[in-house]
Amino acid sequence: MSTTTQAGAHPPYAGQEDERRPWTVLGLMLAAQFMVVLDVSVVNVALPSIGADLHLSSASYQWTVSAYVLFSGGLLLLGGRMADLFDRRRVFLLGLTLFTGASLASGLADSATALVVSRAAQGAGAALLTPAAMSVVMTTYAGKQRAAALAVWGTVASMGIAAGVLFGGLLTSAFDWRAVFFINVPIGIDVLAGTLRAVPTNRGAGPGWRGLDVAGAVALVGGLVALVDAVQSTSSHGWTDDSTVLSAAIAAVLLTAFALIELRVSAPLVPPRIWRVRSLISASTVMAGVTGAVVGAIFLSSLYLQQVLGSSAVVTGLQFLPLAAAITLSAAVASKLLPRTGPRALIAAGLVVSAAGALLLSTAGGDATYAADVLPGLLVFGFGVGPMFVAISVGAMADVPPHASGLASGLMMTGHEVGAALGVAALTAVGGDLTTRAGLVAGHPDAFVAVAVLLLALLLPTALVPRRAAASAGDHGHGH
């Protein structure tokens, strides 16, 4: 998703800047992207059913979520580069085929290992599909149509996590947990057929395979997998156990290798100049932490609602709707306030409010009720989260030159996905045994206190986010 993605070599539809193009292409790209966003959270509600059927351990619970976001985040920059260098339609179709096939494999999985491996393959497909889909939208539409397309794209992205929890509940209750994966197969096939008919080939410009930093991408993903394994291992084996220390050492070696590779290759995944953009690095750090807190909180709450309060999968999905409404409403209000307050103040306020919500959620015990003990915490948490996602996007882009906005948004999305994986792993480590009612009652309070501590700790990098956004920052940030 670098600069060529934005500009496009040759728009597939020739003609005037204001010539209207059919919305078919946008519809196809959105359908694919909605599946990708949905699959971050659709599994959360199905986890107790999956756990009972496949006899998942607490670690396997966490990896079922983390494998997907780790591979989608870790390979996202490589996927964006491929969309720039090769035929965008072909990269999109490759990602879509891998995602759809891996969804089928996930639905057919008969063991924890098979499920985690197929979830990782889904994530790899998503990493190819997402930047290529955005690239196709950017090079197909122009002027007002492009602005409208990006607005819809941003809305779909923000709706995805809440929609995933609801759809996951409906599908699991109506059919079986396998339906949350099988549903992607007919959609994927339809989008594939529609893309072959409606989306023209759109070749990127560049040196082809020589411009791809595959070694850097492999080192990054391997290092992140080892890091998540080390974090998760602390709960079952302790900090000083050989397996924890080995995973941490492998993570350190691979992530150092990634940094060294980036310095030496001619076309690094992240050009060194980008690391010097203070607003982007500080805001992306906050984005990773906030996403870890949000995805981790949804993961924990979903297990708590079903295994402690006894909610069915579909009721659990419905019980998350107030959280989604609070996030949506507060994000809308924050968008209006942002020009006056600037991003730093909004992020700081959001961190304090959402930390208060997490502390409220930590007080729910074994004899809690949804209305009295869970709902207030979810609402306060949501009202804090909404403004942050709006302000982080704008704050990140404040010092980014327009020609680098695609690469910058890709880096921020990587932070988003990697943060989700690390958040779920860390809360699993703090919470302990999440597979039983007794384990959840014991570990739930500590895990939510950890969420609150993480959110308050993010006030430090927030101090480096610009007090005011540049006038054009909102344009760069919107829709990515």
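The values are calculated or read from the model by the stated rules, or taken from the named source; none is laboratory data. What you see is a predicted model, and the numbers here were worked out from it, not measured in a lab. Positions of Cβ are backbone-derived with ideal geometry, glycine not excepted, and every protein chain shown enters the neighbour counts.
Does at least one position in region 376-399 carry a residue that is touching a helix residue (DSSP H, G or I) at 6+ places or on another chain (Cβ under 7 Å), touching a residue at least 12 places away in the same chain (Cβ under 8 Å), surrounded by fewer than 24 Cβ atoms within 10 Å (Cβ to Cβ) and not in a helix (DSSP H, G or I)? Taking every residue of region 376-399 in turn, at least one turns out to be touching a helix residue (DSSP H, G or I) at 6+ places or on another chain (Cβ under 7 Å), touching a residue at least 12 places away in the same chain (Cβ under 8 Å), surrounded by fewer than 24 Cβ atoms within 10 Å (Cβ to Cβ) and not in a helix (DSSP H, G or I). Of Leu56, Leu77, all but one fail to be in a helix (DSSP H, G or I) and not assigned by TED's automatic domain parsing to the domain that holds Asp433; the exception is Leu77.
Wholly within region 276-356, which helices (runs of 4 or more DSSP H) include no fewer than the required count, namely at least 1 residues that are in contact with an Asp or Glu (Cβ under 7 Å, 6 or more places away or on another chain)?
Values: elements: 278-307, 313-319, 321-341.
Of the helices (runs of 4 or more DSSP H) lying wholly inside region 276-356, those with at least 1 residues that are in contact with an Asp or Glu (Cβ under 7 Å, 6 or more places away or on another chain) span 278-307.
Val136 falls short of the stated requirement of being of a type in the set (Val, Ile, Thr), under 30 Å from Val315 (Cα atoms) and surrounded by 24 or more Cβ atoms within 10 Å (Cβ to Cβ). Every condition in (1) in the same structural domain as Asp229 (by TED's automatic domain parsing); (2) outside any helix (DSSP H, G or I) is met by Ile261 except one, and the failing one is (2). A Cβ distance below 7 Å, combined with a sequence gap of six or more or placement on separate chains, defines the contacts here; from region 457-480, residues that are within 17 Å of Met413 (Cα to Cα) and surrounded by 15 or more Cβ atoms within 10 Å (Cβ to Cβ) reach residues that are at pLDDT 50 or above and aromatic (Phe, Trp, Tyr) in the pairs Gly479/Trp153. Scanning region 422-439 for residues that are more than 12 Å from Val231 (Cβ to Cβ), surrounded by fewer than 24 Cβ atoms within 10 Å (Cβ to Cβ) and not polar (S, T, N, Q) yields Gly432, Asp433, Arg437, Ala438, Gly439.
Those residues that are of a type in the set (S, T, N, Q) and more than 19 Å from Val424 (Cβ to Cβ), I need them from region 215-242; list them, please. Of everything in region 215-242, just one residue is of a type in the set (S, T, N, Q) and more than 19 Å from Val424 (Cβ to Cβ), namely Thr240.
Are any of the residues in region 234-247 aromatic (Phe, Trp, Tyr) and either over 27 Å from Ala59 (Cβ atoms) or at pLDDT 90 or above (or both)? Looking through region 234-247, none of the residues is aromatic (Phe, Trp, Tyr) and either over 27 Å from Ala59 (Cβ atoms) or at pLDDT 90 or above (or both). Summed over region 355-375, residues that are closer than 16 Å to Gln306 by Cα, surrounded by 15 or more Cβ atoms within 10 Å (Cβ to Cβ) and in contact (Cβ under 8 Å) with a residue 24 or more places away in the chain total 6.
For beta carbons closer than 7 Å, sequence separation of 6+ or different chains, a first residue in region 334-348 that is on the phi < 0 side of the Ramachandran plot and surrounded by fewer than 20 Cβ atoms within 10 Å (Cβ to Cβ) and a second that is at pLDDT below 85 and among the aliphatic types (A, V, I, L, M), the qualifying pairs are Ser335/Val390.
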